[in-house]
Amino acid sequence: AAKDGGRAAYRFFIASHNERSLERLELENDLRRAVEGEQLLLYYQPQIGASSGRIAGVEALVRWRHPTRGLVMPDSFIALAENAGLIDAIGHWCLVAACRQLRAWQEQGVPVPRVAVNVSARQLRRWDFAQEVLQVVTQSGIDPAGLELELTESSLADDPEQILAIFSTLRQAGVRVSIDDFGTGYSSLSYLSRYPVDEVKIDRSFVSRLLDDREARSVVRAVILLAHGLGMRTVAEGVETEAQWQVLSDLDCDELQGYLFSKPVPPHQIPLLKGDWQRSESRLPV
Ligand code: C2E
Ligand code: MG
Ligand code: MG
Ligand code: MG
């Protein structure tokens, strides 16, 4: 009986495994057509100056309008795209779309100073990645300083020399570089002094623990001090409450991003945002 049960379980495993790979294969095929089929779109989430209360920039976040599955979020298809060799095409599309959108806002007089685009580790493996970015910047007619690239810590682990060369080409041209999800990777602090970047994004997991976890608060304080010491800006991700805003302001964090201000929205909604946020606690009765 035990043997039968084992065999049954094994068969079940095979079936579900096949189903899953079939679904993955299907999704992968669909994704191949997504770029040409104009099924990708970018949402944008504002990054707010902690002291000004104004939009300092927006982050472009990709979505996939799948013909039958509806709006698919990046966590469900970016890894797939990376493994299927589709991330270069998708990444390029995002870059072009974000730069064009920034240009359009600026022509309409919408006060968006810069756009941040997420870049996968794999994209950095292309020897001509920096040239590709600079070409898109030129063709879209934006100021290079209006573009920021967000890279995760783990992408820095790959090939230090290649990455340093890419960073240096980009930064010499004026494009900014940001480290995303900071604190979740490996030997984080040493990366900061080794790689010349403009901005550090403190991961949401620290922000969410900020109020009731003294250690999280110490880490955030140390990261901000170190970043400032190295001439870098700091952005906190996933700010959801005014209390977190207060603590982050006290710790001297430069910019804030999170649902407290706005979730990611389609581009036409950016001009409709308040654009001038103030903490209610800052107007304490005397
Ligand atoms: P990320 O770059 O760290 O982006 C932040 C994610 O946190 C976004 O999820 C955003 O919607 C979410 N978020 C923002 N504020 C809050 C908040 O206050 N609370 C909570 N709980 N969540 C918040 P999203 O849009 O699902 O993107 C997930 C990840 O997918 C991104 O994480 C990024 O790593 C990746 N991604 C998105 N767009 C692209 C892209 O164009 N290219 C690449 N390579 N990766 C992308
Ligand atoms: Mg940024
Ligand atoms: Mg990001
Ligand atoms: Mg992040």
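The values are calculated or read from the model by the stated rules, or taken from the named source; none is laboratory data. What you see is a predicted model; the values in this text were computed from it and never measured. As a convention, Cβ positions derive from the backbone with ideal geometry for all residues, glycine included, and neighbour counts pool all protein chains shown. Note: accessible area is taken over every heavy atom of the protein model, side chains too, but ligands, DNA and RNA are not part of it. Shrake-Rupley method; radii C 1.70, N 1.55, O 1.52, S 1.80 Å.
Data overview
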{"read-out": "Qualifying residue in segment 174-186 (condition: without any contact (Cβ under 8 Å) to a residue 24 or more places away in the chain, more than 22 Å from residue 102 (Cα to Cα) and among the acidic types (Asp, Glu))", "value": "no"}
{"read-out": "Yes/no for residue 121 being over 25 Å from residue 55 (Cα atoms) and under 17 Å from the mean Cα position of the chain (by Cα)", "value": "yes"}
{"read-out": "Any hit, segment 152-162, residues being crowded, with 21+ Cβ neighbours inside 10 Å and either closer than 22 Å to residue 113 by Cα or more than 16 Å from ligand 3 (Cβ to nearest atom) (or both)", "value": "no"}
{"read-out": "Close pairs from segment 193-208: first within 21 Å of residue 230 (Cα to Cα) and within 10 Å of ligand 4 (Cβ to nearest atom), partner open to solvent by less than 20 Å² (accessible area, probe 1.4 Å) and among the aromatic types (Phe, Trp, Tyr), Cβ under 6 Å, at least 6 apart", "value": "201/182; 202/182; 203/182"}
{"read-out": "Any hit, segment 243-252, residues being under 23 Å from residue 117 (Cα atoms) and either open to solvent by less than 20 Å² (accessible area, probe 1.4 Å) or under 19 Å from the mean Cα position of the chain (by Cα) (or both)", "value": "no"}
{"read-out": "Residues of segment 220-246 satisfying the condition of being within 16 Å of ligand 4 (Cβ to nearest atom) and in a helix (DSSP H, G or I)", "value": "220, 223, 227, 244"}
{"read-out": "Test: residue in segment 45-60 that is touching a residue at least 12 places away in the same chain (Cβ under 8 Å), charged (D, E, K, R) and over 27 Å from residue 238 (Cβ atoms)", "value": "no"}
{"read-out": "Some residue of segment 79-86 being assigned to a loop (DSSP other than H, G, I, E, B), in contact with a helix residue (DSSP H, G or I) (Cβ under 7 Å, 6 or more places away or on another chain) and either at pLDDT below 95 or crowded, with 18+ Cβ neighbours inside 10 Å (or both)", "value": "yes"}
{"read-out": "Among the residues listed as 231, 183, the single one being within 16 Å of ligand 2 (Cβ to nearest atom), surrounded by 14 or more Cβ atoms within 10 Å (Cβ to Cβ) and within 21 Å of residue 150 (Cα to Cα)", "value": "183"}
{"read-out": "Candidates 166, 202, filtered to the one that is within 14 Å of ligand 3 (Cβ to nearest atom) and of a type in the set (A, V, I, L, M, F, W, C)", "value": "202"}
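For every residue, the table says whether it meets (1) of a type in the set (A, V, I, L, M); (2) more than 23 Å from residue 222 (Cβ to Cβ).
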{"residue": "103", "(1), (2)": "no, yes"}
{"residue": "116", "(1), (2)": "yes, yes"}
{"residue": "153", "(1), (2)": "no, no"}
{"residue": "169", "(1), (2)": "no, yes"}
{"residue": "189", "(1), (2)": "yes, no"}
{"residue": "196", "(1), (2)": "no, no"}
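Residue by residue, here is whether (1) free of Cβ contacts under 8 Å to residues at least 24 places away in the same chain; (2) over 18 Å from residue 61 (Cβ atoms); (3) under 14 Å from the mean Cα position of the chain (by Cα) holds:
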{"residue": "85", "(1), (2), (3)": "yes, yes, no"}
{"residue": "91", "(1), (2), (3)": "no, no, yes"}
{"residue": "95", "(1), (2), (3)": "no, no, yes"}
{"residue": "109", "(1), (2), (3)": "yes, yes, no"}
{"residue": "112", "(1), (2), (3)": "no, no, no"}
{"residue": "115", "(1), (2), (3)": "no, no, yes"}
